[in-house]
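Let me begin by presenting the structure, written as structure tokens, before commenting on it.
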Amino acid sequence: MPEILEVLMGSRSRARIMRFFVLNPGKEFLFAEIREKTQTSLGDARREIAAFEKIGLVSVGTRDRKKIYSINEGFVYFNELRNLYVKSNVYPQCTEVRNIKRIGSVKLVMISGVFMNYSRSEIDLLIVADDTSRTKIDSSIAAIEAELGKEVRYMLLRSEDFQYRLDMMDRFLIEFFSGPHDAIINKVPRLSRFISEMKR
């Protein structure tokens, strides 16, 4: 779906910046924040934001003598755009989440929350991985957020810590497994059986 929207919107930058504004109503952003969150170039960001401002999709104000930008929720097609982007964020349409395996020795990647339109989940992404680094994690999460247009709440655990919490029937994990979720990667022995038995 993101690829389809990029074609419909004319470019990846336009689709990402529009998604970012539409899915973050009531918030104001500096130009630099928009570029960082959407991972778009200086020229593309300037061009697209100017176009959105011209048609009334984006409102512009000032804060500390700097321009701030926000979505105009009164825009005639705001609700339609929001519904379109919410639908497009549901996995498997979100492609960047598949690349999480690049962060290291990944044992488990499970999605919920924003990826499944399940607002009650406390996190969107559960990752169990070893031999990784903060730089790789931050880069991967930033890429996912740039595609989604929203902040991703995630939990990262080492294999040893995950197994300990599982053995202790950790409340947080039990609640996560009890709600809607999907496994993108699952190399944890007997986890699928554990979850099935837990739901009986």
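The values are calculated or read from the model by the stated rules, or taken from the named source; none is laboratory data. A quick note: this is a predicted structure, and the numbers were derived from the prediction, not measured. Here the Cβ positions follow ideal geometry from the backbone for every residue, glycine too, while neighbour counts run over all protein chains shown.
What are the residues in the range 52-74 that are out of contact with any helix residue (DSSP H, G or I) (no Cβ under 8 Å at 6 or more places or on another chain) and among the hydrophobic types (A, V, I, L, M, F, W, C), if any?
Scanning the range 52-74 gives Ile55, Ile68.
With the structure loaded, tell me whether Ser192 is over 21 Å from Val97 (Cβ atoms), in a helix (DSSP H, G or I) and out of contact with any Pro (no Cβ under 8 Å at 6 or more places or on another chain) or whether it fails that test.
No; evaluated as a whole, the condition is false for this residue.
How about the range 39-60: which of its residues are within 15 Å of Tyr77 (Cα to Cα) and of a type in the set (Gly, Ala, Ser)?
Hits for the range 39-60 are Gly56, Ser59.
Which numbered condition in (1) more than 12 Å from the chain's Cα centre (by Cα); (2) at pLDDT 85 or above is the only one that Tyr154 fails?
(1)
In the range 106-143, how many residues are free of Cβ contacts under 8 Å to residues at least 40 places away in the same chain, touching a strand residue (DSSP E or B) at 6+ places or on another chain (Cβ under 6 Å) and either assigned to a strand (DSSP E or B) or among the hydrophobic types (A, V, I, L, M, F, W, C) (or both)?
4
State all residues of the range 92-105 that are of a type outside the set (Asp, Glu) and not in a strand (DSSP E or B); if no residue qualifies, say none.
Those that are of a type outside the set (Asp, Glu) and not in a strand (DSSP E or B): Pro92, Gln93, Cys94, Thr95, Val97, Arg98, Asn99, Ile100, Lys101, Arg102, Ile103, Gly104.
Any residue at all in the range 80-91 that's under 26 Å from Pro180 (Cβ atoms), of a type in the set (Asp, Glu) and at pLDDT below 95?
yes
For the range 167-177, how many residues are free of Cβ contacts under 8 Å to residues at least 60 places away in the same chain, assigned to a helix (DSSP H, G or I) and surrounded by 12 or more Cβ atoms within 10 Å (Cβ to Cβ)?
5
Select from the range 61-86 the residues that are in a loop (DSSP other than H, G, I, E, B) and under 18 Å from Arg14 (Cβ atoms) and list them in ascending order.
Those that are in a loop (DSSP other than H, G, I, E, B) and under 18 Å from Arg14 (Cβ atoms): Asn72, Phe75, Tyr77.
For Asp138, are the conditions met, namely being within 13 Å of the chain's Cα centre (by Cα) and loosely packed, with under 13 Cβ neighbours inside 10 Å?
When the stated conditions are applied, Asp138 passes them.
How many residues are in contact with a Lys or Arg (Cβ under 7 Å, 6 or more places away or on another chain) and either part of a loop (DSSP other than H, G, I, E, B) or free of Cβ contacts under 8 Å to residues at least 24 places away in the same chain (or both) if we restrict to the range 43-60?
Within the range 43-60, residues that are in contact with a Lys or Arg (Cβ under 7 Å, 6 or more places away or on another chain) and either part of a loop (DSSP other than H, G, I, E, B) or free of Cβ contacts under 8 Å to residues at least 24 places away in the same chain (or both) number 1.
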